[in-house]
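Written out below as structure tokens is the structure these notes cover.
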Amino acid sequence: MRIPIIAGNWKLNNTVSEAVALTTALKALVADSIGVEIIVAPPFTALSAVHNVIAESNIRLSAQDVFWEDSGAFTGEVSAPLLKDVGCDYVIIGHSERRQYFGETNECVNRKVKAALAHGLKPIICVGEQLEEREAGGTETVIENHVTGGIAGLSASDLLSSVIAYEPVWAIGTGKTATPAQAQEVHNFIRGLLTNAYSDEVASQICLQYGGSVKPENAAELMAQPDVDGALVGGASLEAESFAQIVKRAI
Ligand code: PEP
């Protein structure tokens, strides 16, 4: 069976001392949570300090982005080997904010995914439609595009080291959550794409997270859907108590 994954994307928030305080509080609140993978994704500057706090705990570390080259003249970029070096197990790739504000394309997402996997980092690949695309009936086309573009060229075992997060752009940071039925419909569609591209067996094993205004109040209902295997959480991951409550809803 698939183990649910709850990941907190802190975005551009928290100094090192704030990150340490938040992680210390979270660690105590989820210490006895088993049967769920718990991940925090601080900004680059706090990764090392957070890694020290979560050592030997049930919390894993993720970065929020990665560059596809390992090293060299790429000012401002951070590579997969550097993320491994500070203790990351996961990396979020292709978040809609990266696509929207930094022009990331499916091709760029795919290069980052391959670089992460080549260095033993598990990519959390974000896909999702904008409101106008949904209203124009284009949700499935966009999702198919993001999924097939993001995972192009991956072997089945690479795919099974990856997570796909369905994040409708209109639900991110807006307080508007997809209904459980809307989330289930798209997750089921993604699993169907993976069945066609790989096999039923592979598609049934991969973890598909939902993201978009997940809170303690709506988490249980979303994660009760048969194809929703956890949550990628933005705003509600910035408070230890609310993130811990979402973790507990996944068990
Ligand atoms: C996100 O940033 O991935 C996200 C889902 O944010 P929020 O939970 O704040 O909508």
* Asked: Can you find a residue in segment 68-91 that is within 19 Å of G150 (Cβ to Cβ), touching a strand residue (DSSP E or B) at 6+ places or on another chain (Cβ under 9 Å), within 16 Å of the ligand (Cβ to nearest atom) and free of Cβ contacts under 8 Å to residues at least 60 places away in the same chain?
  -> yes
* To do: Consider only pairs whose beta carbons are under 6 Å apart and that are at least six residues apart or on different chains; among these, list those whose first residue lies in segment 164-185 and is within 10 Å of G128 (Cβ to Cβ) and in a helix (DSSP H, G or I) and whose second residue is more than 10 Å from the ligand (Cβ to nearest atom) and open to solvent by 10 Å² or more (accessible area, probe 1.4 Å).
  => V169/Q130; W170/L131
* open to solvent by 40 Å² or more (accessible area, probe 1.4 Å), small (G, A, S) and within 16 Å of the ligand (Cβ to nearest atom): does that describe G173? -> yes
* Asked: Do we find a residue being open to solvent by less than 20 Å² (accessible area, probe 1.4 Å) and assigned to a loop (DSSP other than H, G, I, E, B) anywhere in segment 55-70?
  -> yes
* To do: Residue by residue through segment 118-133, note down the ones that are open to solvent by 10 Å² or more (accessible area, probe 1.4 Å) and more than 16 Å from the ligand (Cβ to nearest atom).
  => A118, H119, G120, K122, E132, E133
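Among A220, A203, A236, which is modelled with pLDDT of 95 or more, in contact with a helix residue (DSSP H, G or I) (Cβ under 8 Å, 6 or more places away or on another chain), farther than 25 Å from G149 by Cβ and more than 15 Å from the ligand (Cβ to nearest atom)?
Criteria check complete, one pass: A220.
The values are calculated or read from the model by the stated rules, or taken from the named source; none is laboratory data. Remember, it's a predicted structure, so these values are computed and weren't measured experimentally. Cβ atoms come from the backbone with ideal geometry, glycine included; neighbour counts cover every protein chain shown. Quick note on the areas: whole protein, heavy atoms, side chains included, nothing else; ligands and nucleic acids left out. Shrake-Rupley method; radii C 1.70, N 1.55, O 1.52, S 1.80 Å.
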